[in-house]
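For reference, the structure is listed below as structure tokens.
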Amino acid sequence: MSLPPILIENVSPSVDGGRYPAKRVVGDVCVVEADIFRDGAEVLRAQIHWWKEGETAFNVAPMEPLVNDRWQGRFVLADLADYRFTLEAWTDPFASWRSALRRWVAGNQDVTSEIQEGIRLIAACADRAEGEDCQTLEEALALLRDCGSDGDAALAVVSDAALSTLMDRLGARIQPVVYDPPLAIQVNRTRARFGAWYEMFPRSQGTVPGTGATFREAEARLPAIRDLGFDVIYLPPIHPIGATHRKGRNSALEAGPGDPGSPWAIGGAAGGYLDVEPALGTLEDFDHFVMVADRLGMEIALDFAIQVSPDHPWVRAHPEWFYLRPDGTIKYAENPPKRYQDIYPLNFQSGHAKQIWLAMLEIVEFWIDHGVKIFRIDNPHTKPFSFWHWLLQQVRRRDPDVLFLAEAFTRPKIMKALAKLGFHQSYSYFTWRNTKQELTEYLTELSQTEVREFYQPNFFTNTPDILHEFLRRGGRPAFQIRLILAATLSPSYGIYSGFELCENDAVPDTEEYLNSEKFEIKVRDWNRPGNLNELIARVNRIRNENAALHDLTNVRFLGAENANILFCMKATADKSNVLLIAVNLDPFHTQDAVVWVPLADIGVRAGESYDVEDLLTGARYRWGERNFVRLSPDGPPAHILRVERIPHP
């Protein structure tokens, strides 16, 4: 096997050796690192070649050595586009000669011959140079020739900054090596990384028990949700709901009079995926709902569930698209021991996959044309990877600002594969990570390993399908704890409506909501006593005002002498915004601890104190390296402390 003279290894960012793109958002600085080395003591140079997809010329960014043959460079991802980059490294004969000359001079050796070698290198550059560059080189040559055998004088000449710059630019590049193949960066809009989501059923935004709201009526709730600080309104499927085998309350096999059915049983007499459930209004009403949300500074995310009710028009028009039993009837969905008689899954393994794929693309493009720029995909892990790779690429070519959230509570490798294939965000295991050890280990994996390059979690506190035991048992303090953890640890998080009212009634011994909104219309008093509206609004305001909370990869867990106190730091790269976050993980008892702050990491000298402001309460404290915290479940069970930049003696 023949190896290049210079080795370029362990390049980052890279996902599976370049098989998939790493992910960033517009405005990010892409920091590129690699191990670059060769045999011997020759001096190497390296640079990044980067370009936007479709461009024929590349841009150049310099790389500098760090330690242990690790190199680093950077360039700005200014546009919503796909980028590519590679690395070039070469041996610099002038810098190698100068480095050797220093060693010879330090050893008091005769350097007459070495100086002549340097003259030859500079003269070769002068022959290629023009104008002022040529004049500068000729002047350096004259000075070097006058040095004779004086090594110190020669070093002074060849260490001149202007000469060094010219030789870097015009000097020979020996045995250049280019890293191949180029690596990809997918640059998305900022909402792919940062945003607060609110999941709501439009039909439950009314005021009359048992009577569903229309889109026009649901609009009345939007200003209140905006005032809570949410950026994204996520809706379940809004299409006609089937009547055949419609589920009743609490997933009963038979619906009662007036039961609205599950929105995920898509399709009925009024149409299918390109239609709106008549009880919600018309397509024009939906368009108006989207417009109102946009005027309030929010956008709509729409659920895309690839499954239909027995009443969907496709069942009659394309029975071959579904799974068939031996007797020719269509199989309904099953997930033993659960049976879903009200929905039929589509058969992506059939001989009609191409038609199904095209139908899915038509659906997504239809709703994009009606103002939807975010799709939450229901159970993507039950559909072929090749389908998602194709669909997401097709949509990105047409609308690069459209985002996809994968709702895939499944095995880790499948969740990661979906992210690599193009999903911009993913549901996560946050719901089931509640102890200090669980949270620390999980966030470290997400933020400090190769996962950070492609997987952006969305920390939903709850969903219509998931009411975790921590919320069921812990009551209002538990809801406060999980809100603050989700909103500060992850730049993207969400709540399902009812969270702000601390709704936690469950079917015994399950994570299922009792009287689930999936099967009935809810009417709520959104301002009833005990609500978390004020806290939610404050937390979202803190998120918007502190750039340190806009990043996942900057979390650093710090020491706290209590297993029930989670303590971490989040800071911007320039340390202009530094937050210290302490959370009591116990919803039942007051907890206290001594917490440790690495002073150098927050720009404070050893032994000095500094001020912090609690952004939750407005209280101010004088802190140092070791600090005492006491957090009660009755008050805000956390500190979100912003470090003041002026240290105090």
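The values are calculated or read from the model by the stated rules, or taken from the named source; none is laboratory data. None of the values given here were measured: they were computed from a predicted structure. For neighbour counting, all protein chains shown are included, and Cβ atoms are generated from backbone atoms with ideal geometry for every residue, glycine included. The accessibility values were calculated without ligands, DNA or RNA, using every heavy atom of the protein model including side chains. Shrake-Rupley method; radii C 1.70, N 1.55, O 1.52, S 1.80 Å.
Given the criterion outside any helix (DSSP H, G or I), exposed (fewer than 15 other Cβ atoms within 10 Å of the Cβ) and without any contact (Cβ under 8 Å) to a residue 40 or more places away in the chain, identify the matching residue among Asn531, Asn504, Asn527. Explain how you work it out, then say what you get.
On the way: Asn531 fails: exposed (fewer than 15 other Cβ atoms within 10 Å of the Cβ); Asn504 fails: exposed (fewer than 15 other Cβ atoms within 10 Å of the Cβ).
Exactly one of Asn531, Asn504, Asn527 is outside any helix (DSSP H, G or I), exposed (fewer than 15 other Cβ atoms within 10 Å of the Cβ) and without any contact (Cβ under 8 Å) to a residue 40 or more places away in the chain, namely Asn527.
From the list Asp303, Asp259, Asp311, pick out the single residue that is under 33 Å from the mean Cα position of the chain (by Cα) and charged (D, E, K, R).
On the way: Asp259 fails: under 33 Å from the mean Cα position of the chain (by Cα); Asp311 fails: under 33 Å from the mean Cα position of the chain (by Cα).
Selected residue: Asp303, the only one of Asp303, Asp259, Asp311 that is under 33 Å from the mean Cα position of the chain (by Cα) and charged (D, E, K, R).
Please go through segment 429-485 and give me each residue that is polar (S, T, N, Q), closer than 30 Å to Ser14 by Cα and assigned to a loop (DSSP other than H, G, I, E, B), ordered by number.
Kept after step one, since they are polar (S, T, N, Q), are these residues of segment 429-485: 431, 434-435, 437, 440, 444, 447-449, 456, 458, 461-463, 480.
Those left that are additionally closer than 30 Å to Ser14 by Cα: 431, 437, 440, 444, 447-449, 456, 458.
Thr449, Gln456, Asn458 - these are the residues of segment 429-485 that are polar (S, T, N, Q), closer than 30 Å to Ser14 by Cα and assigned to a loop (DSSP other than H, G, I, E, B).
Quick check on segment 602-611: of everything there that is of a type outside the set (Lys, Arg) and in contact with a Leu (Cβ under 9 Å, 6 or more places away or on another chain), which residue is farthest from Asp574 (Cα to Cα)? Steps first, please.
The initial filter retains those residues of segment 602-611 that are of a type outside the set (Lys, Arg), namely 602-604, 606-611.
Applying the additional criterion that residues be in contact with a Leu (Cβ under 9 Å, 6 or more places away or on another chain) yields 602, 606-608, 610.
Numbers: Ile602: 10, Ala606: 20, Gly607: 22, Glu608: 20, Tyr610: 18 Å.
Among them, the one singled out is Gly607.
Which of the residues belonging to segment 391-411 are surrounded by fewer than 17 Cβ atoms within 10 Å (Cβ to Cβ) and in contact (Cβ under 8 Å) with a residue 60 or more places away in the chain?
Scanning segment 391-411 gives Pro400, Asp401.
Is it the case, given these coordinates, that Arg543 is open to solvent by 30 Å² or more (accessible area, probe 1.4 Å), charged (D, E, K, R) and in a helix (DSSP H, G or I)?
Here the answer is no, as Arg543 does not meet what is asked.
Does Ala573 satisfy the condition of being open to solvent by 10 Å² or more (accessible area, probe 1.4 Å) and among the aliphatic types (A, V, I, L, M)? Break it down into steps so the answer makes sense when it comes.
Values: open to solvent by 10 Å² or more (accessible area, probe 1.4 Å): yes; among the aliphatic types (A, V, I, L, M): yes.
Considered against the rule, which asks whether it is open to solvent by 10 Å² or more (accessible area, probe 1.4 Å) and among the aliphatic types (A, V, I, L, M), Ala573 comes out as yes.
Checking Phe459 against (1) open to solvent by 10 Å² or more (accessible area, probe 1.4 Å); (2) at negative phi, which single condition isn't satisfied?
It is condition (1) that Phe459 fails.
Name every residue in segment 465-495 that is open to solvent by 10 Å² or more (accessible area, probe 1.4 Å) and of a type in the set (Val, Ile, Thr), in order of residue number.
If the condition is that a residue be open to solvent by 10 Å² or more (accessible area, probe 1.4 Å) and of a type in the set (Val, Ile, Thr), then Ile466 is the only one that fits.
Which of the following residues is in a helix (DSSP H, G or I), more than 21 Å from Ile8 (Cβ to Cβ) and open to solvent by less than 40 Å² (accessible area, probe 1.4 Å): Ala100, Ala124?
Of the residues listed, the single one that is in a helix (DSSP H, G or I), more than 21 Å from Ile8 (Cβ to Cβ) and open to solvent by less than 40 Å² (accessible area, probe 1.4 Å) is Ala100.
Between a residue in segment 463-487 that is closer than 17 Å to Ala537 by Cβ and any residue that is open to solvent by 10 Å² or more (accessible area, probe 1.4 Å), which pairs come within a Cβ distance under 7 Å, given they are 6 or more apart or on different chains?
Final answer for the pair search is Arg476/Cys502; Arg476/Gly530; Phe479/Cys502; Gln480/Leu535; Gln480/Pro636; Arg482/Phe470; Leu483/Leu535.
Can you pull out the strands (runs of 3 or more DSSP E) entirely within segment 12-88 that have at least 3 residues that are touching an Asp or Glu at 6+ places or on another chain (Cβ under 8 Å) and surrounded by fewer than 20 Cβ atoms within 10 Å (Cβ to Cβ)?
Numbers: elements: 22-25, 29-38, 44-52, 59-65, 70-76.
Qualifying strands (runs of 3 or more DSSP E): 44-52, 70-76.
If you scan segment 577-612, which residues turn out to be within 28 Å of the chain's Cα centre (by Cα) and assigned to a strand (DSSP E or B)?
Of everything in segment 577-612, those that are within 28 Å of the chain's Cα centre (by Cα) and assigned to a strand (DSSP E or B) turn out to be Val578, Leu579, Leu580, Ile581, Ala582, Val583, Asn584.
Among the residues of segment 219-254 satisfying the criterion of being of a type in the set (A, V, I, L, M) and at pLDDT below 95, which is least open to solvent (accessible area, probe 1.4 Å)? Let's see the steps before the verdict.
Within segment 219-254, the first condition is being of a type in the set (A, V, I, L, M), and the residues that meet it are 220, 222, 224-225, 228, 232-233, 235, 238, 241, 243, 252-253.
Going one step further and asking which of them are at pLDDT below 95, we end up with 252-253.
Working: Ala252: 38, Leu253: 115 Å².
The qualifying residue least open to solvent (accessible area, probe 1.4 Å) is Ala252.
Please go through segment 579-601 and give me each residue that is of a type outside the set (Gly, Ala, Ser) and over 28 Å from Arg433 (Cα atoms), ordered by number.
Kept after step one, since they are of a type outside the set (Gly, Ala, Ser), are these residues of segment 579-601: 579-581, 583-592, 594-599, 601.
Hit for segment 579-601 is Leu599, nothing else.
Take the residues in segment 412-437 that are in contact (Cβ under 8 Å) with a residue 24 or more places away in the chain and under 17 Å from Ala487 (Cβ atoms), then tell me which one is surrounded by the most Cβ atoms within 10 Å (Cβ to Cβ).
Looking at the filtered set, the residue picked out is Gln425.
Working only within segment 349-364, note down all residues that are open to solvent by less than 50 Å² (accessible area, probe 1.4 Å), in contact with a helix residue (DSSP H, G or I) (Cβ under 7 Å, 6 or more places away or on another chain) and free of Cβ contacts under 8 Å to residues at least 40 places away in the same chain.
First, pick out the residues of segment 349-364 that are open to solvent by less than 50 Å² (accessible area, probe 1.4 Å): 350, 353, 356, 359-361, 363-364.
When the remaining residues are screened for being in contact with a helix residue (DSSP H, G or I) (Cβ under 7 Å, 6 or more places away or on another chain), the result is 350, 356, 360-361, 364.
Passing the criteria: Ser350, Ile356, Leu361.
Would you confirm, using the coordinates I've provided, whether Pro257 is under 27 Å from Ala196 (Cα atoms) and either in contact with a Pro (Cβ under 6 Å, 6 or more places away or on another chain) or at pLDDT below 95 (or both)?
So Pro257 fails the test.
Restricting the search to segment 507-521, which residues are charged (D, E, K, R) and surrounded by fewer than 18 Cβ atoms within 10 Å (Cβ to Cβ)? Before you say what the answer is, go through the steps one by one.
Restricting attention to segment 507-521, the residues satisfying the condition of being charged (D, E, K, R) are 509, 511-512, 517-518, 520.
Residues satisfying the conditions are Asp509, Glu511, Glu512.
Thr86: of a type in the set (S, T, N, Q) and in contact (Cβ under 8 Å) with a residue 60 or more places away in the chain, yes or no?
On the way: of a type in the set (S, T, N, Q): yes; in contact (Cβ under 8 Å) with a residue 60 or more places away in the chain: yes.
Taking the combined requirement at face value, the residue satisfies it.
Looking only at segment 560-576, count how many residues are among the basic types (Lys, Arg) and assigned to a strand (DSSP E or B).
We begin by selecting, within segment 560-576, every residue among the basic types (Lys, Arg); these are 570, 575.
Keeping just the survivors that are assigned to a strand (DSSP E or B) gives 570.
Qualifying residue count, segment 560-576: 1.
Quick one: is Thr329 closer than 24 Å to Ala220 by Cα and polar (S, T, N, Q)? Walk me through it before giving the result.
On the way: closer than 24 Å to Ala220 by Cα: no; polar (S, T, N, Q): yes.
Against the criterion (closer than 24 Å to Ala220 by Cα and polar (S, T, N, Q)), Thr329 does not qualify.
Restricting to segment 506-540, and then to whatever is farther than 30 Å from Leu579 by Cβ and β-branched (Val, Ile, Thr), can you tell me which residue is nearest to the chain's Cα centre (by Cα)?
Thr510
Being buried (at least 22 other Cβ atoms within 10 Å of the Cβ), more than 28 Å from Leu87 (Cβ to Cβ) and hydrophobic (A, V, I, L, M, F, W, C) is the filter here, so list the residues in segment 166-199 that pass it.
Once the filter is applied, which keeps residues that are buried (at least 22 other Cβ atoms within 10 Å of the Cβ), more than 28 Å from Leu87 (Cβ to Cβ) and hydrophobic (A, V, I, L, M, F, W, C), segment 166-199 yields Ala196, Trp197.
Given (1) under 17 Å from Asp614 (Cβ atoms); (2) aliphatic (A, V, I, L, M); (3) within 22 Å of the chain's Cα centre (by Cα), identify the lone condition not met by Ala573.
Among (1) under 17 Å from Asp614 (Cβ atoms); (2) aliphatic (A, V, I, L, M); (3) within 22 Å of the chain's Cα centre (by Cα), the lone unmet condition for Ala573 is (1).
Please specify each residue of segment 579-627 satisfying the condition of being of a type in the set (Phe, Trp, Tyr) and open to solvent by 70 Å² or more (accessible area, probe 1.4 Å).
Answer for segment 579-627, where residues must be of a type in the set (Phe, Trp, Tyr) and open to solvent by 70 Å² or more (accessible area, probe 1.4 Å): Phe588, Trp596, Tyr621.
Looking for something modelled with pLDDT of 95 or more, of a type outside the set (Lys, Arg), assigned to a helix (DSSP H, G or I) and within 19 Å of the chain's Cα centre (by Cα) - is there at least one such residue anywhere in segment 405-413?
yes
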